[in-house]
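What follows is a set of notes on a single structure, which appears directly below.
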Amino acid sequence: MTRPQPLLEVDGLSVGYGIVPVIEEITLQVGRGEAVALLGANGAGKSTLLKAVSGLLVPGAGSIRFDGRDLSRLRAEALVTLGLSHVAEGRRIFRRETVLDNLLLGLYRLRLARAETAARVEEALAMFPALRQKADQLAGSLSGGQQQMLAIAQALVRKPRLLMLDEPSLGLAPNLVEEVFRTLAAVRAQGVSILLVEQVVERALEFADHAYLLQSGRLSGDGPAATLRGSEQVRRAYLGAAAAHAPS
């Protein structure tokens, strides 16, 4: 099956902290309207890759292109205006601000007209009814699931063309995990491309169109998500050395 035209293109990317390499020679792409899963064990470099794409880390080598544009010289805040949003692990919201203020802060630097601002906030609240009911409450008073929904909503008010999510289901009950994925399916239906790092491997592969496997900072394989589901290749990449000693 032919993949769609690339929106994000990562070519030969190497990133580290100081002189310590974390990921090396990573090449991948996310097509227009495509959902891509990035899978691997803890410490494989998945979060580092997302941080490099979103401008939070400077690559040591390689290139990152978004809609054909080189991102290497752009600051993280500039990428938001291009249509790239990153929902980091750990529900990075403003806990001492209200839900409504969190959504408004998500629009920082976009310089929208008042009517457009109101329309975007309304659209986000319509997608997350539980947040509408608590719009005037402090974000820190929300449940873990509601905080995750708020983090996603805060990214969506920017109208991203590419939404990157780092472990959106981490720490959530199974019913809330399903709610997160239903929301992401609705986002993808609007034509938004998604790059997803997710610990619930089977659910991520059910959701994604394509998947890349990251092992010890390098890609160990990729392919259509439906083909990779249940494969030994995924098991090795996700569990690492532990897979070799696991009972059959």
Hits in region 66-80 - residues which are under 17 Å from the mean Cα position of the chain (by Cα) and under 16 Å from residue 7 (Cα atoms): 66, 79, 80
Return the residue satisfying two criteria in turn: it lies in region 197-214 and is acidic (Asp, Glu) and outside any helix (DSSP H, G or I), and of such residues it is surrounded by the most Cβ atoms within 10 Å (Cβ to Cβ). 198
Count, please, the residues in region 163-196 that happen to be among the aliphatic types (A, V, I, L, M), at pLDDT 90 or above, crowded, with 16+ Cβ neighbours inside 10 Å and part of a helix (DSSP H, G or I). 2
Listing of strands (runs of 3 or more DSSP E) fully contained in region 26-138 that carry 1 or more residues being over 22 Å from residue 180 (Cα atoms): 61-66
Checked region 190-207 for anything touching a residue at least 40 places away in the same chain (Cβ under 8 Å) and either among the β-branched types (Val, Ile, Thr) or not assigned by TED's automatic domain parsing to the domain that holds residue 174 (or both); matches are 192, 194, 197, 201
Could you tell me which of the residues 75, 96, 3, 65 is assigned by TED's automatic domain parsing to the domain that holds residue 180, of a type in the set (Lys, Arg) and in contact with a Leu (Cβ under 8 Å, 6 or more places away or on another chain)? 65
Any chance region 139-149 includes a residue that's modelled with pLDDT of 90 or more, assigned to a helix (DSSP H, G or I), on the phi < 0 side of the Ramachandran plot and in the same structural domain as residue 67 (by TED's automatic domain parsing)? no
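The values are calculated or read from the model by the stated rules, or taken from the named source; none is laboratory data. Note that the coordinates shown come from a computational prediction; the quantities given were computed from them, not determined experimentally. All Cβ positions, even for glycine, are placed from backbone atoms using ideal geometry, and neighbour counts span all protein chains on display.
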